[in-house]
1. For Leu85, state whether it is under 25 Å from Tyr185 (Cα atoms) and within 30 Å of the chain's Cα centre (by Cα).
2. Would you confirm whether any residue within segment 153-170 is under 20 Å from the mean Cα position of the chain (by Cα) and among the acidic types (Asp, Glu)?
3. Report yes if Leu490 is surrounded by 15 or more Cβ atoms within 10 Å (Cβ to Cβ) and within 20 Å of the chain's Cα centre (by Cα), otherwise no.
4. What residue, among those in segment 333-359 that are charged (D, E, K, R) and open to solvent by 40 Å² or more (accessible area, probe 1.4 Å), is nearest to Ala260 (Cα to Cα)?
5. How do the pairs read when you match residues in segment 325-338 that are under 17 Å from Gln222 (Cα atoms) with residues anywhere that are buried (at least 24 other Cβ atoms within 10 Å of the Cβ) and basic (Lys, Arg), using Cβ under 9 Å and keeping only pairs 6 or more apart or on different chains?
6. So, His182, is that one under 15 Å from the mean Cα position of the chain (by Cα) and open to solvent by 40 Å² or more (accessible area, probe 1.4 Å) or not?
7. Answer yes or no as to whether Ile476 is in contact (Cβ under 8 Å) with a residue 60 or more places away in the chain and assigned to a loop (DSSP other than H, G, I, E, B).
8. Is there a residue being open to solvent by 50 Å² or more (accessible area, probe 1.4 Å) and at pLDDT 95 or above anywhere in segment 253-260?
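The values are calculated or read from the model by the stated rules, or taken from the named source; none is laboratory data. Nothing here was measured: the structure is a model prediction, and the numbers come from that model. Cβ: placed from backbone, ideal geometry, glycine included. Neighbour counts: every protein chain shown. Remember, those area values only see protein heavy atoms, side chains included, never the ligands or the DNA or RNA. Shrake-Rupley method; radii C 1.70, N 1.55, O 1.52, S 1.80 Å.
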Amino acid sequence: MVGDQLQKKPDSCAFVIFGVSGDLTHRLVIPALYNLAASRLLPDKFCIVGIARRGMSSIKLVESLLRGLKQFATRAVDEALAKQLLSCVTAIEADPGDPASFDNMRARLGELEVVRGTGGNRLFYLATPPSGFLPISRALEATGMLKEDGSWRRLVVEKPFGTDLASARALNTELLKLLDEHQIYRIDHYLGKETVQNILVLRFANGMFEPIWNRNHIDHIQITVDEKIGVGHRGSFYDATGALRDMVPSHLFQLLSLVAMEPPARFDARAVRSEKGEVLSAIQTQSEEEALRNSVRGQYRGGRVGDIEIEDYRKTPEVRPDSTTETYAALKLTIDNWRWAGVPFYLRTGKALGIKRTEIAIKFKQAPFAMFRDTPVDRLSQNYLVISIEPTEGIELQFNTKVPGPTIQIDGVEMKFRYRDYFKAEPSTGYETLIYDCMIGDNILFQRADGVEAGWQAVQPFIEAWKKAGAKGLKIYDPGSEGPEDADELLARDGRSWRKLT
């Protein structure tokens, strides 16, 4: 969460939300704005404009947002502060299918900016399904609302950004006809998490890590994003998307790029995003045959996880009864550059698993055992540096040490750092930093077009191979498990194993 002592306030602006009546706005965007207000990090002259297709009065919108804030806030809600924030909310009806409605929106927005004194700066937040991205953007451009004429205009686009390489390229091409790259903020809420941002600091601000952050010392890297919940009420979306498209090109590749990128020349958006794009471009593109050999896909059946009953995926509402959509994906990738040649990256993500856990585990090479041959030592614990992101944010280092006593006995120990123990930070949604950065014009934590396309380039062979394979090779797994047993084989054939999650 951005702090309130050292951070400057953003420029005055209008925060325009498309999809203001939706779940994302109520669950994350408004609570994040409230937390920014509590930290005194909103502009002094500021307004929130909610755009909805169905007519809704400003009074009704404020009531709805206040209910949502009280339900989803990450901290105790101060009634006075909440009402002060929401007093600047105005509802405007606009539909990209009705050009006249956007003309009316432009006129009303202009009037509101004069009253509020926001100076014409506008942040358009597309909290809508992907199908709305281009129609809304085109309608904004057609009415001149994206043109920068002494004031800035920015567009925030939620994931998923495309469904494959071709669609991502097409979306980038069309958006870049309407705006310049510096105006587009492709948002991924994972990059708002403190531990994710800390990866760069951990690597490049500590002289002890960067010299050993390479193929000479690292055996392999595991990136895990596991969830306990099932698909729930998202059957229609998920069945058309699946675990691979939903998580790998966005969340997992953002984590991979931060762990694997080269040191940027400067800590600014251009340099950092260029290095992230370079390392994603260096992921070896596999043939479809290689993709099948280096991946596992699974789908959960019905069962219980603790006290929670998980419905069979294929019986989920709006999921096809013969669906072959994966709810679990594990991949083996390699990066073809001097730093990482020969170091496998193992990625896994899934739903209805036994534990909710997001982590990056860096496994260092085994120390020589020969010097202990004349002692009772029969093993050495594995050396891991583990970056924990959810549900606990922190870093732990696993290493070997001698057990007290007259003989040489070696055991593995852990040294742990936890954010909550060292820093008194208020709970956050993960969107605060990202929204704040949008308002100050810092896009270091946002994806650039080349990075998006490089990610889809890497997963495209898996998409095509799995589509052709259909039900063949799809593994069924029990809810509450660690996923399909075949995922263990993916590492076992390399003489490795997944780190046990706890």
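1. Numbers: under 25 Å from Tyr185 (Cα atoms): yes; within 30 Å of the chain's Cα centre (by Cα): yes.
In short, yes.
2. Within segment 153-170, one or more residues are under 20 Å from the mean Cα position of the chain (by Cα) and among the acidic types (Asp, Glu).
3. Working: surrounded by 15 or more Cβ atoms within 10 Å (Cβ to Cβ): yes; within 20 Å of the chain's Cα centre (by Cα): no.
No: the conditions fail for Leu490.
4. In the first step, residues of segment 333-359 are kept if they are charged (D, E, K, R); the result is 336, 339, 348, 351, 356-357, 359.
Within this subset, residues satisfying the condition of being open to solvent by 40 Å² or more (accessible area, probe 1.4 Å) are 336, 356.
On the way: Asp336: 11, Lys356: 24 Å.
Looking at residues that are charged (D, E, K, R) and open to solvent by 40 Å² or more (accessible area, probe 1.4 Å), I get Asp336.
5. Tyr328/Arg297; Tyr328/Arg348; Tyr328/Lys351; Ala329/Arg297; Ala329/Arg348; Ala330/Arg297; Ala330/Arg348; Leu331/Arg348
6. Working: under 15 Å from the mean Cα position of the chain (by Cα): no; open to solvent by 40 Å² or more (accessible area, probe 1.4 Å): yes.
Against the criterion (under 15 Å from the mean Cα position of the chain (by Cα) and open to solvent by 40 Å² or more (accessible area, probe 1.4 Å)), His182 does not qualify.
7. Working: in contact (Cβ under 8 Å) with a residue 60 or more places away in the chain: yes; assigned to a loop (DSSP other than H, G, I, E, B): no.
No.
8. We begin by selecting, within segment 253-260, every residue open to solvent by 50 Å² or more (accessible area, probe 1.4 Å); these are none.
No, every residue in segment 253-260 fails to be open to solvent by 50 Å² or more (accessible area, probe 1.4 Å) and at pLDDT 95 or above.
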